[in-house]
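A short write-up of the structure that comes next.
We did not get these values from a lab; they are worked out from the coordinates using the rules stated. The shown structure was predicted, so the numbers you read here are calculated from the model rather than taken from an experiment. Note that each Cβ is placed from the backbone with ideal geometry, even for glycine, and that neighbours are counted across all protein chains shown.
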Amino acid sequence: MVVVLFKINHVSTVIPINHPKIVMYLQGLASKYDERVLNAMEAYGHKRGFPIIDRLCGAMIHLLTLSIGAKRVFELGSGFGYSAYWFSKAVGPQGKVWCTDGDPENQSLAERYLKKAKLWNRIAFAVGDAVTNLKRTQGTFDIVYNDIDKHGYPAAWEAAKNRIRPGGLYICDNTLWSGRVAEKKVEDDIYPGWTEAIRDHNRRIYADKNFDATLIPLRDGVLVARRR
C-alpha cells in the first residue's frame, strides 16, 4: 500500500493513498487476468521481495499499450520480465519489446517465463546499462517505460523523451516512492539521494511543454506522459 507521511507538530500522520479494502476490491476484479505463467511470476517476485509492478499496474500498462496501438516498446529496467509480460501481450505478434537489465540471471528467468507464455519471440533482451542500451538502439518508440534505480531517473528521462514518437507515452514506476516525495525533509531515504532524484525527474516532466503528464497514485505511483 502506498502512503504519504505528513508531519504535523512533529508527529507523523500516515494517510493512506490506496485503502486496503479498495486494493483488495481492485485485485479481485483483476483476477480476470489469471494465467499460469503470470501467477508464477507474481509468486516468484513476492516470495523473493522482488519489486515487480504487480497485477494492478500491469493491467494498466497493458491497457495503455493497447489504447495507442503500440508496437515498439523500450523498457529501461526489466527485472525478470514481469512488466514485459504485459507489454508483449499488448503489442501483438508483430510488435517488439526491448528489455534491459544489469543481471544476466534476470535475462534467463525472463526467457524461461516468457517462453512458457509464448511471448519470447516478441522480446529483445540486452544485459547491461539501460540508458546505454537505449542510446544504442535505433528508431523511435511508441512507449518508453522506466523502472531503473531511482538515482538514474532524471538521466533516463533526458535520454528517453526525444525517442518517443508524437502521441507516444513515457511511463515511469515508483514516482511517489512510498510518499517520500511529499515530505519536506526526508529522514528515511533508504538510498540517499533517490527521493530528490525522483522529485527532479517528476518536475522535469511536468515542466516539459512537449508532454502532457499525470501521476497516478496506484501502488507506488505511476507517472504517464504523452508526447504532443
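Structure notes:
- With semi-axes defined as the square roots of five times the eigenvalues of the C-alpha gyration tensor, the equivalent ellipsoid of the stretch 57-128 measures 19, 12, 11 Å, largest first.
- For the stretch 138-199, the spread of Cα coordinates along the three principal axes comes to 41, 18, 14 Å, biggest extent given first.
- With only Cα atoms counted, the stretch 3-227 has Rg and Dmax values of 17.3, 57 Å.
- Efficiency of FRET from Cβ geometry, residue 24 and residue 118, R₀ 30 Å, rounded to 0.05: 0.45
- Sequence-distant residues sharing a close amide H with residue 76 (under 5 Å, placed H): 145, 146, 147
- Protection proxy ranking, highest mean first, for peptides 166-177, 208-219, 136-147, 118-129: 166-177, 136-147, 118-129, 208-219, where packing is the per-residue count of other beta-carbon atoms within 10 Å, averaged.
- Scalar couplings 3J(HN,Hα) for the stretch 178-187, obtained by applying the Karplus form with A = 6.51, B = -1.76, C = 1.60 to θ = phi - 60°, are 6, x, 4, 5, 8, 7, 5, 9, 8, 9 Hz; x denotes Gly and Pro.
- For the chain, a crude dipole built from +1 on the beta carbon of Lys and Arg and -1 on the beta carbon of Asp and Glu, taken about the Cα centre, is about 800 debye to the nearest 20.
- In Hz, Karplus ³J(HN,Hα) per residue of the stretch 220-228 (6.51, -1.76, 1.60; θ = phi - 60°; x = Gly, Pro): 9, x, 10, 8, 10, 10, 9, 6, 6
- Contact order normalised by residue count of the chain, Cα under 8 Å, 6+ apart, percent: 19
- The stretch 50-64-the stretch 66-85 distance, computed between alpha-carbon centres (Å): 10
- Partner lysines whose Cα lies under 23 Å from the Cα of residue 96, excluding those fewer than 8 positions away in the same chain, are identified as 71, 115, 116, 118, 135, 161.
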